[in-house]
Amino acid sequence: MNWTWFHRFGSAPYMYGFAQRWTPWFGGAALLLMLLGLYGGLVLAPPDYQQKDAYRIIYVHAPVASLSLMIYTAMAVAAAVGLIWRMKVAHAAAAASAPIGAWITVATLVTGSLWGKPMWGAYWVWDPRLTSELFLLFLYFGYMGLRAAIEDPQKADKASAVLAIVGVVNVPIIKYSVNWWNSLHQPATRLLGKADMVWSMVWPLLTMFLAFMLFFAAVLLIRLRAELLRRERGASWVREVLS
Amino acid sequence: MFFMIVATLFPLTLTPELSRLRDAAPGVLWIGALLSSLLALEFLFRDDAVDGTLEQFALSGQSLTWMLFAKTCTHWLLTGLPLALSAPLAALALGVPVAALGSMIAALALGSFALSLVGAICAGLTLGARRGGVLLSLLTLPLSVPILVFGSDATRHAIAGTEIAGPMYMLGAIAVLGVTLAPLAAAAAVRIGLE
Amino acid sequence: MLNVQGLHLWRGDRHVLQGVSFEATPGRCVLLTGKNGAGKTTLLRAIAGLLEPEEGRMTWRGASVRDTRDEFHSELAYLGHEPPLKGDLTGRENLHFATGIRRVVSAAEIDAALARTGGTAFADRATRLLSAGQRRRIALAGVLLANAALWLLDEPTTNLDAEGQQLVADLVAEQLSRGGLVVAAVHHSLPLVAGTLTELTLGVA
């Protein structure tokens, strides 16, 4: 198999150009899908049998919840790639994703909390899924804290990479926590095939999932460009790009 | 010592009612154990890093993984194990029934061992970092959550007199996972930390 | 036996090692010279494997150093700026410990090494009570005990009096005559036999 395309991504100027070209596409698609999904979820979909309209927060909560786990995993994978193949761009991608992941996790906790009030009568309960999501936030903080505390950038890259990889163990625990422990949080709803929800509720949800992933891609590419410029500020290609 | 003080602070600050203390006991004991471990973890590698001995370990041509495993075990024998063995004093003060003490010691011993293993990784990563002690706690806490959850669960069951096998097995599984993987990660962490 | 090619290393923003290349052969000592901050310590640590270079290749006996790290380390003795001694142990105990993690060592060997470096008189005091020069003599005994083919020495004569500096030169000469290699970073030159020295100056743009 020809791996040139993979190694091309290892080049900072190439990645910068790639990010510059593709950001508007990802961003535009994300916006479009988000509008579509929100319209479908907030306007078109029928009210829930039990929760009436309160359930509609699922159209934001579920996508950001998945995204918080996905970003951490992506971060760990990027860090591992950086460590194994010694690609600076991979380390830059991991560094760029961390703050996004942290904010998305905060969004998960906030939207979940807002949903919790009408559902369970409380803004916060100490149940396994919520608690482990909170600890995911702490993992993000730890990652960013470690990066900030180490002066040498190469050492910071490698140390935070090891931390990210070790922390990935937490991700399956969060995902399956609702199955393992008695929890107030509802278990995963089957969306396709023998679905638990009607199609008119499902398609906006799937659209929102996709929209948020594209949103992450767009924001990541923007941050990645800034990160690459910062890391390679002495290089000639940076001077060319900025002039 | 620290563990003892923490454990006795709880009855002072919460309530002298023994039945309520008993409910809180698993949490108090395990959080106390965690905090004591975090304090002790700072010293796992610090002296050796400062005087250059850790570097010589990395340069010895022998497996750094095994050496760090040996160091972690020794560290646990001097910090975690005494903590587990002295826990009965604190536990009795919190109203834990005598019948539960044996399994409590076992759970604390196993849990503190797993904590030392995981903490070794974070200790290696924070070598030479700014605010190393605080950072070490921040990094170790999220990773130690599974140990805390199952450990306190085991102690809670022991106090209630119900079956403790479930959480104890999970704790054991975590410890085994830790023994096989953590020293490798710790060796990688230390090599990076020494740069 | 030790071949370094095109070594590039950045520490943060600084391009510390800019394409360093040299070869060290048995019986020759490579002297690293250069101003403070030129990268002498960095180069020694990179060869020892404590720092990872961004680019470049290092081979020992023809095999890549990165692939055969443990074998390479077992033939290497590294002495940094500070002698790696544990303050609460005596010199003798330190040597026993430091050498013991590499190989089995007997008390007689330790005595012989201490005698060679002039450390016998204070070998049984806790090392934190010793002067810097005395600690360095103990550390040099440790280098002897390592039985290593390659010595990496960072400023080995620091804190030593004139007699001590001659001692270092003698030890290096003996190592070279045994067919060993030495790479040493020095500020002042080492009084070595001509013909066994290669000088490599770092930090010259």
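The values are calculated or read from the model by the stated rules, or taken from the named source; none is laboratory data. Values in this document were obtained by computation on a predicted structure and should not be read as measured data. Don't worry about glycine lacking a Cβ; one is built from the backbone with ideal geometry, like all the others, and counts go over all protein chains shown.
For the range A:84-99, the set of residues classified as buried (at least 21 other Cβ atoms within 10 Å of the Cβ) and among the aliphatic types (A, V, I, L, M) consists of A:VAL89, A:ALA90, A:ALA92, A:ALA93, A:ALA94, A:ALA95, A:ALA96, A:ALA98, listed by residue number.
Scan the range C:171-205 for residues that are more than 23 Å from C:GLY6 (Cβ to Cβ) and surrounded by 14 or more Cβ atoms within 10 Å (Cβ to Cβ) and jot them down. Listed by number, the residues that qualify are C:LEU171, C:VAL172, C:ALA173, C:GLN175, C:LEU176, C:GLY180, C:VAL186, C:LEU190, C:LEU192, C:THR196, C:LEU197. Among all positions in the range B:48-68, there is no residue which is in contact with a Gly (Cβ under 8 Å, 6 or more places away or on another chain) and more than 25 Å from C:GLY80 (Cβ to Cβ). Do we have B:THR72 as part of a helix (DSSP H, G or I), in contact (Cβ under 8 Å) with a residue 40 or more places away in the chain and away from chain C (no Cβ under 14 Å) here? Yes; evaluated as a whole, the condition is true for this residue. Cβ separations smaller than 6 Å between residues 6+ apart or across chains give the following pairs from the range B:17-32 residues that are closer than 14 Å to B:ARG156 by Cβ to residues that are among the aromatic types (Phe, Trp, Tyr): B:VAL28/B:PHE10. Scanning the range C:1-23 for residues that are away from every other protein chain (no Cβ under 14 Å) and crowded, with 20+ Cβ neighbours inside 10 Å returns C:LEU2, C:VAL4, C:LEU7, C:VAL20.
In the list C:LEU129, C:LEU144, C:LEU114, which residue meets the criterion of being without any contact (Cβ under 8 Å) to a residue 60 or more places away in the chain and farther than 25 Å from C:LEU176 by Cβ? Checking each option against the conditions leaves just C:LEU129.
For (1) under 28 Å from B:ALA58 (Cβ atoms); (2) away from every other protein chain (no Cβ under 12 Å); (3) at pLDDT 90 or above, each residue gets a yes or a no:
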| residue | (1), (2), (3) |
| --- | --- |
| B:LEU101 | no, yes, no |
| B:VAL118 | yes, no, yes |
| B:GLY132 | yes, no, no |
| B:THR140 | yes, no, yes |
| B:PHE150 | no, no, no |
| B:ARG156 | no, yes, no |
| B:ILE159 | no, yes, no |
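Within the range A:132-169, being part of a helix (DSSP H, G or I) and without any contact (Cβ under 8 Å) to a residue 12 or more places away in the chain holds for A:PHE138, A:GLY145, A:ALA148, A:ALA149, A:GLN154, A:LYS155, A:ALA156, A:VAL166. The condition of being under 30 Å from A:PRO13 (Cβ atoms), more than 8 Å from chain B (Cβ to nearest Cβ) and among the charged types (D, E, K, R) holds for only one of A:ARG86, A:ARG129, that being A:ARG86. Of B:LEU39, B:LEU83, B:LEU77, all but one fail to be without any contact (Cβ under 8 Å) to a residue 40 or more places away in the chain, away from every other protein chain (no Cβ under 14 Å), assigned to a helix (DSSP H, G or I) and touching a helix residue (DSSP H, G or I) at 6+ places or on another chain (Cβ under 8 Å); the exception is B:LEU39. B:LEU136 meets the stated requirement of being in a helix (DSSP H, G or I), within 30 Å of C:PRO53 (Cβ to Cβ) and in contact with an Asp or Glu (Cβ under 9 Å, 6 or more places away or on another chain). Taking the criterion of being in a loop (DSSP other than H, G, I, E, B), polar (S, T, N, Q) and closer than 20 Å to A:TRP237 by Cα, the only residue of the range A:9-54 that qualifies is A:SER11. With respect to C:GLU55, is the statement that it is more than 11 Å from chain B (Cβ to nearest Cβ), among the acidic types (Asp, Glu) and surrounded by fewer than 17 Cβ atoms within 10 Å (Cβ to Cβ) true? Judged against the criteria, C:GLU55 is a match. For the range C:81-119, a tally of residues being within 14 Å of chain B (Cβ to nearest Cβ) and of a type in the set (A, V, I, L, M) returns 7.
Taking C:ARG128 as the residue in question, decide whether it is part of a helix (DSSP H, G or I), within 12 Å of chain B (Cβ to nearest Cβ) and surrounded by fewer than 17 Cβ atoms within 10 Å (Cβ to Cβ). Judged against the criteria, C:ARG128 is a match. Restricting attention to the range C:85-123, the residues that are assigned to a helix (DSSP H, G or I), of a type in the set (D, E, K, R) and farther than 19 Å from C:GLY164 by Cβ total 4.
A quick yes/no check of all residues on (1) assigned to a loop (DSSP other than H, G, I, E, B); (2) modelled with pLDDT of 90 or more; (3) crowded, with 18+ Cβ neighbours inside 10 Å; (4) basic (Lys, Arg):
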| residue | (1), (2), (3), (4) |
| --- | --- |
| C:ALA38 | yes, no, yes, no |
| C:THR41 | no, yes, yes, no |
| C:LEU44 | no, yes, yes, no |
| C:ILE47 | no, yes, yes, no |
| C:LEU51 | yes, yes, yes, no |
| C:THR59 | no, yes, yes, no |
| C:ARG66 | yes, no, no, yes |
| C:TYR78 | no, yes, yes, no |
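Of all residues being free of Cβ contacts under 8 Å to residues at least 40 places away in the same chain and of a type in the set (A, V, I, L, M, F, W, C) in the range B:148-177, which is surrounded by the most Cβ atoms within 10 Å (Cβ to Cβ)? Just the residue, please. Top of the filtered list is B:PHE150.
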